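Engineer: First the structure, which I've put down as structure tokens, then a few questions once you've had a look.
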Amino acid sequence: MHAIRLRHFRGFSDTGWLDLAPITLLVGQNSSGKSSVLRFFPLLRQSVEANTTGPFLWYGRYVDFGTFADVVNKDADELEMECAFRLVIPAVRFS
């Protein structure tokens with residue numbers, strides 16, 4: 001995964017694309033969302049590992065966000081959240 005983008009997630013209306021590198025630093029004032037971004041990754045993990053009917057398991061082994069209503073940004077026009085990923089997949093050559 002090379003970048004991530006979160007929309008209407010917790011305190012963010014839109015993070016924009018956050019580039020990820022072997023060393024990535026998140027810097028900001030208290031309550032600016034650093035922990036929310038970091039906690040998204042264990043949320044993703046527990047959602048993939050669990051047998052759940054929805055796209056995300058909001059509470060589980062790694063993190064507890066409560067419910068979807070607790071996670072979606074309070075200023076969002078609609079009750080929806082979006083996450084996007086940029087992946088680089090090496091090309092495979094066939095001979």
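Engineer: When the range 33-54 is examined, which residues are found to be over 16 Å from R5 (Cα atoms) and surrounded by 10 or more Cβ atoms within 10 Å (Cβ to Cβ)?
Structural biologist: Passing the criteria: R45, Q46, S47, V48, E49, A50, T52.
Engineer: Can you list the strands (runs of 3 or more DSSP E) found entirely within the chain that contain at least 3 residues being in contact (Cβ under 8 Å) with a residue 12 or more places away in the chain and on the phi < 0 side of the Ramachandran plot?
Structural biologist: 3-9, 82-86
Engineer: Additional query: Just need a number here: residues in the range 14-36 that are within 20 Å of T67 (Cβ to Cβ) and touching a strand residue (DSSP E or B) at 6+ places or on another chain (Cβ under 9 Å).
Structural biologist: Selection size over the range 14-36: 2.
The rows are residues; the columns are (1) at pLDDT below 90; (2) touching a helix residue (DSSP H, G or I) at 6+ places or on another chain (Cβ under 8 Å); (3) of a type in the set (S, T, Y).
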residue	(1), (2), (3)
G16	no, no, no
S32	yes, no, yes
Q46	no, no, no
F65	no, yes, no
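Engineer: Select from the range 18-32 the residues that are touching a Lys or Arg at 6+ places or on another chain (Cβ under 9 Å) and surrounded by fewer than 13 Cβ atoms within 10 Å (Cβ to Cβ) and list them in ascending order.
Structural biologist: Of everything in the range 18-32, those that are touching a Lys or Arg at 6+ places or on another chain (Cβ under 9 Å) and surrounded by fewer than 13 Cβ atoms within 10 Å (Cβ to Cβ) turn out to be D19, L26, V27, G28.
The values are calculated or read from the model by the stated rules, or taken from the named source; none is laboratory data. Note that this is a predicted model, so its numbers are computed, not measured. Counting neighbours? That spans all protein chains shown, and the Cβs are built from the backbone with ideal geometry, glycine included.
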